[in-house]
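What follows is a short report on a single structure.
The values are calculated or read from the model by the stated rules, or taken from the named source; none is laboratory data. Keep in mind the model is a prediction, meaning the values are calculated, not measured. Here the Cβ positions follow ideal geometry from the backbone for every residue, glycine too, while neighbour counts run over all protein chains shown. Ligands, DNA and RNA are excluded from the accessible area calculation, which covers all protein heavy atoms including side chains. Shrake-Rupley method; radii C 1.70, N 1.55, O 1.52, S 1.80 Å.
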2 protein chains.
Amino acid sequence: MPDRKPDPAPTGPLHEQVFRRLSADLMAGRFAAGQKLPLRALAAEMGTSLMPVRDALQRLESLGALVGTAGRTMMVPRLSPEQRADLLRLRLMLETGVIGAAAERRSEADLADLSEENTGMRAAAERGDTAAFLAANLRFHRGLAAAARIHFLEALLDPLWMRLGPVVRDQTPDRANMLRTAEYHDAILRGLLRRDGAAARAALEADVLDGAPALTGALLPGASPAPQD
Amino acid sequence: MPDRKPDPAPTGPLHEQVFRRLSADLMAGRFAAGQKLPLRALAAEMGTSLMPVRDALQRLESLGALVGTAGRTMMVPRLSPEQRADLLRLRLMLETGVIGAAAERRSEADLADLSEENTGMRAAAERGDTAAFLAANLRFHRGLAAAARIHFLEALLDPLWMRLGPVVRDQTPDRANMLRTAEYHDAILRGLLRRDGAAARAALEADVLDGAPALTGALLPGASPAPQD
DNA sequence: TTATCGAAACTGTTATAACAAATCCCCCGG
DNA sequence: CCGGGGGATTTGTTATAACAGTTTCGATAA
């Protein structure tokens, strides 16, 4: 496997390095809901002073990825079933809303990257590696959004993923689920290849809604949030 | 006019007070695109040290409402026509995506508030007060989103408004535009009243798209971003 | 007059330290 | 054995000061 990203190369101010690291941890589900993140502990762990981690935590709070407790200590939020359902609904809305643009604008490189990502995901699924599966799934969907080439889209979706991470964490999809996800992704890719936005959208919707019950506790009333009443 | 919000009551940490103030200034279009916001100037203006304003500016940056210049000074971003179009597209997508929920869940109080807001907006339009018009328009649309009762929705829309503020600022709608907006809003309200999501959505789309050319420079290809191809 | 070099003023960044508030835990009384 | 009270500890917040980078402006030379 070629080195696509050798290493993000810890560049820029410390608070941004901390921010990137914590963001990635959040999205990857390395933090549990309800977990508290004390300033001094993190600072010590990273070998910096309080200020950079304080900056990073505050930014994450304003993104909604963390919440402040009564004592102002940052905590990764516990989401109610309704909140989890709304989270998924918004993600579905955004992703289905832009996949038409992705179908039009996707480059060959986009297709190749997404395809490779999905074969990796399927491999993880077959080997039962849920952690790798979830990480690959995240990358696939973020790549999908990137292919749409819409400014500010990542800025909307990433915070949703950060909130989703802890939710996905304590949920173990079985092999059948994971393989089904890979199938959906294949269907999405076929749609993108043929520049058939509608087909890709249908597959995407099926993909998101398939995993929804497990995440929300079988909530999510209407399938599509608002295509036409 | 009854005192709905006597005063947000400067509560909480300083950095949050600063954040709220700057956010409001951004959304209201009190800052111009390209304007730089030096730490020490703002700190002196508000009578605090650097740290609280630094925190606030950093949070705004991570929301995308500000961008850091080469010298790390924060600046309100200059948006390209494409960026402005995408901004509007995303706003339209989100607002139309949730207005169905608003039509279902809106309370009587929601209707009353929105209606009052719109009469105020129309009054501002007739008297040619564009600042008041824009402020009322903002409150109307934010109220619309609030009526949908979808968690995290404000967290997605507010950053868009913050980026839109400076764009709207240096654009002076004529009286006809403003009055037309009030008409669209009336149509939206009629839709909400009858719990007719489709009608409300159509009026909302017309509302947003009507103002789009002036904001983007006549961009915005397809009307609805992705209902059905 | 214009271009260039250099210094001074300004920028955000980070660490340290003092502070206030909330929390935790142990001890005492029931 | 259980419930409260109170002090010690831990929490985030903010200011100050030292730092490094950039920008800017003036003087000098072509």
- Message: Restricting to the stretch B:146-165, and then to whatever is open to solvent by 10 Å² or more (accessible area, probe 1.4 Å) and small (Gly, Ala, Ser), can you tell me which residue is farthest from the other protein chains (Cβ to nearest Cβ)?
- Response: B:146
- Message: Here's a check for you: in the stretch B:50-74, which residue that is free of Cβ contacts under 8 Å to residues at least 12 places away in the same chain, within 13 Å of DNA strand D (Cβ to nearest atom) and within 11 Å of chain A (Cβ to nearest Cβ) is farthest from the chain's Cα centre (by Cα)?
- Response: B:72
- Determine which single condition residue A:80 fails, assuming it passes every other condition in (1) within 22 Å of residue A:160 (Cβ to Cβ); (2) hydroxyl-bearing (Ser, Thr, Tyr); (3) near DNA strand D (Cβ under 9 Å from one of its atoms). (3)
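When you scan the stretch B:89-98, do you find a residue that is of a type in the set (Val, Ile, Thr), within 14 Å of chain A (Cβ to nearest Cβ) and touching a residue at least 24 places away in the same chain (Cβ under 8 Å), even just one? Spell out the reasoning first.
So the first thing to find is which residues in the stretch B:89-98 are of a type in the set (Val, Ile, Thr), and the list is B:96, B:98.
Applying the additional criterion that residues be within 14 Å of chain A (Cβ to nearest Cβ) yields B:96, B:98.
The next check asks that each one be touching a residue at least 24 places away in the same chain (Cβ under 8 Å); those that pass are B:96, B:98.
Yes, there is a match, as at least one residue in the stretch B:89-98 is of a type in the set (Val, Ile, Thr), within 14 Å of chain A (Cβ to nearest Cβ) and touching a residue at least 24 places away in the same chain (Cβ under 8 Å).
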- Note on the structure: Among residues of the stretch B:166-196 being crowded, with 17+ Cβ neighbours inside 10 Å and more than 17 Å from residue B:121 (Cβ to Cβ), the residue nearest to the other protein chains (Cβ to nearest Cβ) is B:191
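How about the stretch B:197-207: which of its residues are within 14 Å of chain A (Cβ to nearest Cβ) and open to solvent by less than 40 Å² (accessible area, probe 1.4 Å)?
Within the stretch B:197-207, B:197, B:199, B:200, B:201, B:203, B:204 qualify.
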- Message: Just checking, does the stretch B:67-78 include any residue being under 25 Å from residue B:174 (Cβ atoms) and surrounded by fewer than 21 Cβ atoms within 10 Å (Cβ to Cβ)?
- Response: yes
- Message: Take residue B:126 and tell me if it is farther than 27 Å from residue A:90 by Cβ and touching a helix residue (DSSP H, G or I) at 6+ places or on another chain (Cβ under 8 Å).
- Response: yes
- Message: Can you tell me which condition residue A:204 does not meet? The list is (1) at pLDDT below 95; (2) in contact with a Phe, Trp or Tyr (Cβ under 8 Å, 6 or more places away or on another chain), and all the others hold.
- Response: (1)
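Let's see how each residue does on (1) open to solvent by 30 Å² or more (accessible area, probe 1.4 Å); (2) more than 19 Å from the chain's Cα centre (by Cα); (3) assigned by TED's automatic domain parsing to the domain that holds residue B:178:
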{"position": "B:24", "(1), (2), (3)": "yes, no, no"}
{"position": "B:29", "(1), (2), (3)": "no, no, no"}
{"position": "B:48", "(1), (2), (3)": "yes, yes, no"}
{"position": "B:113", "(1), (2), (3)": "yes, no, yes"}
{"position": "B:124", "(1), (2), (3)": "no, no, yes"}
